[in-house]
Amino acid sequence: MSFQKTIAKGVERNGVGLHSGVDVRLALRPAPANTGVVFRRTDLEGDAAAIPARFDHVADTRLCTAIANAHGASVATIEHVMSALSGMEVDNCFVDVSGPETPVMDGSAAPFVEMIREAGIKQQDMPRRVIRILREVRVGDDRSWARLSPADEFRLSFNIAFDNALLAAQSTQFHPGFHSFEQDVARARTFCLYEEIEGMWAAGLAKGGSLDNAVVVQGDKVLNPEGLRYEDESVRHKALDAIGDLYTAGHRIVGAYHGERAGHGLNNRLLKALFADRANYAIEQETADWEELRLVDAAD
Ligand SMILES: [Zn+2]
């Protein structure tokens, strides 16, 4: 079997919240086995402060994934931190935030990956569990949908298509056996259309948004002077978001995910549909690769 992991020590960063525009301090701290990922508001006290990063605590998915607890405490934009924790295989972690939103950093998951690298990863004395998909689950309509289906390992595919020359049609695939989360996914930034920015500002959103933390596209042009990090950065960012959203399942998933123009709302509905029927999934102990290798040896 393989074992649960946490980070070896606490690490902290300051940044600005994308929607609130407020300065926030984010710390990743080691957590005991079987904790999962729990966000804690350091500006609140007692029970009110802790919010498990689970699909059944997701309170808002309009522009980001926000979680809340029964005391009314919330943290918005958890998906990039969640993606980094999933991609780096950290099972247990406290994420301490000094306000109602995580810092956007550069709009990608790379700064959080860097924090995890700085902290180091520590194995814990408890078997790791995974969620195996047993039956196909699909939510959405013909145009936008998300699906989980049985597969031997986790893999992801994603298609986007926008009414925009640069974002017309892009596809990506992620398979941890062939791709590197750090190299191929984590660095992809949030993107938005120039035409949407005024509307968001009028609605009091994206106050902290700038060319330092989002790719801004106008027609067929990227307005960021440094250009793109990947030619298909936008669909890779959708993969990054989906990996983060799927981690609110509580464990990593063994199965195939496909997103067709899917966003945070569909990803959350997908997990709710998955867990609505016990026949859709099984929670298992993860087998380490070396164990499978030994089984192969034994069969010779
Ligand atoms: Zn995102």
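The values are calculated or read from the model by the stated rules, or taken from the named source; none is laboratory data. Just so it is clear, the model here is predicted, and its values are computed rather than measured. Glycine gets a Cβ as well: all are built from the backbone with ideal geometry, and neighbour counts include every protein chain shown. We work out accessible area using only protein heavy atoms, side chains counted, and drop any ligands, DNA or RNA first. Shrake-Rupley method; radii C 1.70, N 1.55, O 1.52, S 1.80 Å.
Quick look at the numbers
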| item | result |
| --- | --- |
| Extension reserve of the Glu45-Ala276 stretch, reckoned as 0.36 nm per residue once the Cα distance is removed | 79.9 nm |
| Loop-located chymotrypsin sites (Phe, Trp or Tyr not before Pro) in the range 150-247 whose Cβ has at most 13 other Cβ within 10 Å (DSSP) | Phe178 |
| Long-range HN-HN contacts of Ala8 with modeled amide H, under 5 Å | Gly120, Ile121, Lys122 |
| Packing-based order for 32-41, 276-285, using average beta carbon neighbours within 10 Å, highest first | 32-41, 276-285 |
| Protection proxy ranking, peptides 202-215, 16-29, average beta carbon neighbours within 10 Å, highest first | 16-29, 202-215 |
| Cross-link pairs beyond the 28 Å C-alpha cut-off, checked among Lys207/Lys272; Lys9/Lys272; Lys207/Lys238 | Lys207/Lys272; Lys9/Lys272 |
| Probe 1.4 Å - accessible area at Lys9, Å² to nearest ten | 100 |
| Backbone N under 15 Å from the Met126 label point (7 Å along Cα→Cβ), restricted to the range 232-273 | 250-252 |
| DSSP beta bridge pairing in the chain, given as percent antiparallel to the nearest 5 | 70 |
| MRE, 222 nm, helices only [DSSP H, n ≥ 4, -39500 (n - 2.57), over the chain, to nearest 500] | -6500 deg cm²/dmol |
| Around Arg236: net Lys/Arg minus Asp/Glu count, Cβ-Cβ under 11 Å | -1 |
| With all protein chains modelled, accessible area of Phe94 [1.4 Å, Å²] | 40 |
| Whole-percent carbon and sulfur share, accessible surface of the chain, 1.4 Å | 49 |
| Heavy-atom accessible area ranking, 1.4 Å probe, most first, across Asp142, Asp91 | Asp142, Asp91 |
| Surface accessible to a 1.4 Å probe, per residue, for the residues of the chain, Å² | 47 |
